[in-house]
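Shown next, in structure tokens, is the structure this report addresses.
The values are calculated or read from the model by the stated rules, or taken from the named source; none is laboratory data. Keep in mind that this is a model prediction, so the values were computed, not measured. Don't worry about glycine lacking a Cβ; one is built from the backbone with ideal geometry, like all the others, and counts go over all protein chains shown.
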Amino acid sequence: MATERLSLTRGGNVRYALKTPYRDGTTHVIFEPEDFIARLVALVPNPRAHLTRYHGVFAPASRDRAEIVPRARAAASAERAEVSVSDRQRAMSWAQRLKRVFAIDIETCQQCGGRLRVIASIEEPAVIERILEHLGHTAEPVDPAHPSRAPPKGDRLV
């Protein structure tokens, strides 16, 4: 829906200019505000719903899907059919997630470029505070309702 083609009439109705006229010559459609909002809401997909749906031979349960989908993918998906949800979540380590999301590579030394190995993961707040105190840093309390996050990198998308 192009917002440039939307306007309000003097009566408070929503006027939408069509991209191309209908066969009968209609160039604009006028909606009551409630009707317009109801039609817009109908276009919004349900949360967590797939926006691409496959039908025919591309559908997940199609008998002929194996003929269309490349063999390597079909074989890999057949092998993973019995994999539990927890196994799928373990596919990426937390170090790999840090690298992917925040571009922080904790597995490579910044000075020599050699491979580093994680020998401990300290998660207890009291131990973390003692280590920071020893290093001369202070631990700032975090509000659980509003946890901090890293600032975005690069250009903002508009």
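Just one of (1) under 30 Å from residue 54 (Cα atoms); (2) modelled with pLDDT under 65; (3) charged (D, E, K, R); (4) loosely packed, with under 10 Cβ neighbours inside 10 Å trips up residue 88, so point out which.
The one condition residue 88 does not meet is (4).
Quick one: which residue in 66, 49, 72 is modelled with pLDDT under 90, exposed (fewer than 10 other Cβ atoms within 10 Å of the Cβ), in a helix (DSSP H, G or I) and aliphatic (A, V, I, L, M)?
Details: 66 fails: exposed (fewer than 10 other Cβ atoms within 10 Å of the Cβ); 49 fails: in a helix (DSSP H, G or I).
On inspection, the qualifying residue turns out to be 72.
For the stretch 104-124, which residues satisfy the criterion of being under 16 Å from residue 94 (Cβ atoms) and either among the aromatic types (Phe, Trp, Tyr) or surrounded by 11 or more Cβ atoms within 10 Å (Cβ to Cβ) (or both)? Spell out the reasoning first.
Of all residues in the stretch 104-124, those under 16 Å from residue 94 (Cβ atoms) come to 104-108, 116-123.
The answer is 104, 105, 106, 107, 108, 116.
If I ask for residues that are touching a residue at least 12 places away in the same chain (Cβ under 8 Å), on the phi < 0 side of the Ramachandran plot and either among the aromatic types (Phe, Trp, Tyr) or part of a loop (DSSP other than H, G, I, E, B) (or both), which ones from the stretch 10-46 would you list?
13, 16, 18, 19, 31, 32, 36
Here are some residues: 123, 133, 79. Which one is farther than 30 Å from residue 13 by Cβ, in a helix (DSSP H, G or I) and at pLDDT 85 or above? Walk me through it before giving the result.
On the way: 123 fails: in a helix (DSSP H, G or I); 79 fails: at pLDDT 85 or above.
Going through 123, 133, 79 in turn, just one is farther than 30 Å from residue 13 by Cβ, in a helix (DSSP H, G or I) and at pLDDT 85 or above: 133.
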